[in-house]
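All remarks here apply to the structure that follows.
The values are calculated or read from the model by the stated rules, or taken from the named source; none is laboratory data. Values in this document were obtained by computation on a predicted structure and should not be read as measured data. All Cβ positions, even for glycine, are placed from backbone atoms using ideal geometry, and neighbour counts span all protein chains on display.
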Amino acid sequence: MKREEKAAIIEELAEKFANTNFFYFTDASGLTVAEVNQFRKLCFDSGVEYRVAKNTLIQKALEKLDADYSSLNDQALKGFTGIMFTPEKGNLPAKIIKEFKKSDKQDRPIFKAACIDSEFFLGEDKLNTLSNLKSKVELIGDIITLLQSPAKNVISSLQSGKNKLVGIIKTLSEK
């Protein structure tokens with residue numbers, strides 16, 4: 001690969017890292033070509049971009065950013081590295097990895113690390129935590145539901161009380 005090609009890849013990755021709040025590093029070594037294609041299709045169908053790049057190019061792209069990604073270099077950027085980019089849902093790549101592992105009954109791809117809103121999660125043991133993480137939209141929906149619940153209870157009590165009160169007055173007037 002020529003220097004110009006490497007520089008283009010570094011620039012492209014740096015731009016992608018800068019514009020994407022959620023990205024995951026995985027290790028899909030040991031998968032057959034058919035399994036990798038199946039994993040890529042699963043990512044594509046879910047709206048997640050999956051790319052493979054050399055660790056040195058990834059490191060150089062991360063060095064161009066303002067944030068400190070040095071903790072990723074030591075643990076996540078060794079061996080085969082695939083990157084999963086998702087623009088909106090931070091838990092979607094984790095769900096895809098778990099679904100793929102469950103459907104093929106294997107231990108690949110291995111989750112190495114994730115960056116979610118500049119917070120790092122390192123190690124396979126964090127995969128379950130990340131898959132259960134709620135998105136910002138889901139959290140806002142939960143809060144709105146919680147805020148609406150007491151108001152709905154008061155309104156329904158008043159409405160049911162109105163019907164009882166009308167029934168009592170009607171019964172008394174008939175007597």
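Some observations on this one:
- Of the residues screened, L13 is one that is among the hydrophobic types (A, V, I, L, M, F, W, C), part of a helix (DSSP H, G or I) and either in contact with a Cys (Cβ under 8 Å, 6 or more places away or on another chain) or buried (at least 17 other Cβ atoms within 10 Å of the Cβ) (or both).
- Among the criteria (1) more than 26 Å from G123 (Cβ to Cβ); (2) surrounded by fewer than 18 Cβ atoms within 10 Å (Cβ to Cβ), the one R51 does not fulfil is (1).
- Sole residue being at pLDDT 75 or above, more than 13 Å from the chain's Cα centre (by Cα) and farther than 23 Å from F23 by Cα, chosen from L172, L146: L146
- One residue from D27, D68 being over 13 Å from P93 (Cβ atoms) and either of a type in the set (S, T, N, Q) or touching a Phe, Trp or Tyr at 6+ places or on another chain (Cβ under 7 Å) (or both): D27
- Subset of the stretch 97-119 (residues that are among the hydrophobic types (A, V, I, L, M, F, W, C) and more than 13 Å from F25 (Cα to Cα)): F100
- For the stretch 66-88, the criterion of a residue being among the small types (G, A, S), under 17 Å from F22 (Cα atoms) and in contact with a helix residue (DSSP H, G or I) (Cβ under 8 Å, 6 or more places away or on another chain) is satisfied by no position.
- Each residue in the stretch 16-47 was checked for being in contact with a Lys or Arg (Cβ under 9 Å, 6 or more places away or on another chain), at negative phi and in a loop (DSSP other than H, G, I, E, B), and 3 of them qualify.
- Counted residues, the stretch 61-96 - those being over 13 Å from F121 (Cα atoms), part of a loop (DSSP other than H, G, I, E, B) and touching a residue at least 12 places away in the same chain (Cβ under 8 Å): 11
- Residue within the stretch 115-124 that is part of a helix (DSSP H, G or I), at pLDDT below 85 and more than 22 Å from N37 (Cβ to Cβ) present: yes
- From the list K134, K89, K112, K162, the lone residue that is surrounded by 10 or more Cβ atoms within 10 Å (Cβ to Cβ), modelled with pLDDT under 85 and closer than 28 Å to K60 by Cα is K89.
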